[in-house]
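This report concerns only the one structure given below.
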Amino acid sequence: MKAGLMQKIVVDRGPAGLGRRWTTAAQPRSVVRHSGPLMPGVEGHMKRTLVRDGMAVTTCDFTTTSTVEGSVHGHASLSIAVFLKAGGVTGVAPDGPVMPYRDGHLYVFLSNRSAWGRFHLPPGQRMTMAELRIDWDVLCGMLDPRAFTSTMAGALDLYAEDLDGVWMGCAPAPREMILATERLLQGTVAERADALFVEGKALELLALALDRLTTAQGRPPRPPEPSLLDRRRVKAARDLMVEDIAHGWTIAELARVAGVNEKKLKHGFRTLYDASVHQYLQDMRMKRAGDLLGRQAASVTEVSLMVGYANPSHFAKLFRRYYGVAPSAYTATPGGAASG
């Protein structure tokens, strides 16, 4: 990339960073897995799944043991990365602008030509992420890349582009992307999920990224933020759910016990936790179930009852949808791949 080519960078609408790209060969449904030292100064896990020709998913959960920096080269492609845990900085070209890596952020990199990137990670930094990379030719066969480039500047908190076909940017990841990333990590790091599950989550990440980029502009203003008192009451309702996760909570019961009306309770959950009350309760139940089964603390039927599902078949269906594997096949993820 030529010096001085970066044309604009919009900063400080929110902290963010750009995800690292991994170059892979295009082969259908093959897997490259690595555990232990990934490179000098890095310890952890990395798994790359080639789910289609020209489409690869990489999941990583590693920690740096010393300062790690370098560059990576990739051909024309789209990279969508979600970091659950992150730190350090990244950039494009030796003298181009840099962006910080941040927890819970979405990073988009799009290039219609071969390009270089660089990164710098401090010692003791945990990096937990999932990335979908699609070759340019494959991407053009799926959709018009202008669906990304025409909206990236307005939809991302940090954004940069050049005059020769490279775009990059980042913003806080929507809750749905965080959950999809957690499930990918929980499934792939411990080799629980098959390639079909990985492909499904990859396409889900693509759809969510498209939605994030194409609908962020022109959205109606959000309702007013809850008052401090309402926030406390919503948090109290959330704590009640978590303390008695097996109880058949309803909106009306939670609102009554927490001392807040139903409308404020539902709006408060959306504001504070980026989820409906039902979604939040189900997520907490699935995470609790995964922890219990991972520790082999009880049988599948017992765990189903312990987290509030009287019908083990319904529980198993929800569990498989969440983790990509039946509860009977679930084992603990080494190192705790999921955040939260």
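The values are calculated or read from the model by the stated rules, or taken from the named source; none is laboratory data. Since the structure is predicted, the reported quantities are computational estimates derived from the model, not experimental observations. All Cβ positions, glycine included, derive from the backbone under ideal geometry; neighbour counts span all protein chains shown. Note: areas computed on protein heavy atoms with side chains; ligands, DNA, RNA excluded. Shrake-Rupley method; radii C 1.70, N 1.55, O 1.52, S 1.80 Å.
For segment 63-75, the set of residues classified as modelled with pLDDT under 90 and out of contact with any Pro (no Cβ under 7 Å at 6 or more places or on another chain) consists of 68, 69, 70, 71, 72, 73, 74, 75, listed by residue number.
If you go through segment 158-190 and keep only what is part of a loop (DSSP other than H, G, I, E, B), modelled with pLDDT under 85 and surrounded by fewer than 23 Cβ atoms within 10 Å (Cβ to Cβ), you end up with 162, 163, 164, 165, 190.
Within segment 245-280, the set of residues being of a type in the set (Asp, Glu) and in contact (Cβ under 8 Å) with a residue 24 or more places away in the chain comprises 274 only. Residue pairs whose Cβ atoms lie under 8 Å apart, sitting 6 or more positions apart in sequence or on different chains, and linking a residue in segment 286-299 that is at pLDDT 85 or above to a partner that is among the polar types (S, T, N, Q) and assigned to a helix (DSSP H, G or I), are 289/304; 290/186.
Identify the residue in segment 229-239 that is of a type in the set (A, V, I, L, M) and surrounded by fewer than 16 Cβ atoms within 10 Å (Cβ to Cβ) and, among all such residues, is farthest from residue 183 (Cα to Cα). Ranking the candidates gives 229 first.
Answer yes or no: is there a residue in segment 75-98 that is open to solvent by less than 10 Å² (accessible area, probe 1.4 Å), in a strand (DSSP E or B) and farther than 30 Å from residue 140 by Cα. No - not one qualifying residue is present in segment 75-98.
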